[in-house]
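Peer 1: Structure below; questions to follow.
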Amino acid sequence: MQVQLSDDVVLDSRRAVWLPRQKTLVISDLFFGLGAARRRRPDPLPATPHLEIWERLFSLIDDHDPAQIALLGDLKPAQGAVEGDEAEELRTIFRKLKGGGRQVVQIVGHPERSSGPALEGTGIQPVEQHRVGPFTLMHRRRIFVYPRHDASQGFWINGGVHPLFAVPGPGPAGEPDWMRLPAFLYTGFALVMPPFVSYAQGFEVIQAERLPRQARAWKLLADRLSPLDLAELPPAPESLRTLTRPPRKGREAAKGGE
């Protein structure tokens, strides 16, 4: 399912953005790093969700036939270590993505993530921002979700925030039954994307009352995109506004992470 945001921007319910005039497919947090070694552990990623990721990715490529694929975010956390034959799996994936002469670019949020074991042999040199026609692609968490317009940056497409909205529905006893749903968020001059993999969800629910008047959003539920009426969306209960963030480890804990 697709939503035509403009002649230049198409939202795809497979958690991607298609820029038809630039023939560019934009994906946030694909997380290639959940590869061969991860699946051999005692608590492996179930086969069906793993295969579904690749089915969605290659169906997007088949349907849109992009000349360029832009990956927002790391291949693994901090482009970290690879185990066993993960390295060869990553190289194979990139060969497939680059098939037919496609360009693949990776946009990371921090300069220290422009290198790392997960990138070796892929031929990828990450950048902090990437300009495609009138769009600036980025992957930043600490850029305010509701940014001030900067004409020199053009239209921002940000993959680092992962919008979540708390949406009420009727409960079994008539009480509100809330769901936290990923979404595409359009602010008027910026588009904030959901992650490609569902388990890379955000941690903070977007507060609709803080959004600019022209903001629009589309919630994702299964394979459907539906508009959210932001003006009528009630404030989320305090207990639903944040998700528990997993404990940080190692260097990220020392730095405070992002």
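Peer 1: May I ask for the net charge around Gly101, where only other residues with Cβ less than 15 Å from the Cβ of Gly101 are counted and Lys, Arg are +1 while Asp, Glu are -1?
Peer 2: Numbers: positive: Lys23, Arg95, Lys96, Lys98, Arg102; negative: Asp65.
Net local charge, Gly101 excluded: +4.
Peer 1: Need the full-extension length gain, Leu240 to Asp62, defined as separation in residues times 0.36 nm minus the C-alpha distance. One decimal, nm. List each step's numbers first, then the result.
Peer 2: On the way: separation 178, 0.36 × 178 = 64.08 nm, distance 3.81 nm.
Computed gain between Leu240 and Asp62 is 60.3 nm.
Only the coordinates and a few stated rules stand behind these numbers; no lab work does. Just so it is clear, the model here is predicted, and its values are computed rather than measured. Here Cβ is always computed from backbone atoms with ideal geometry, including for glycine, and neighbour counts include all displayed protein chains.
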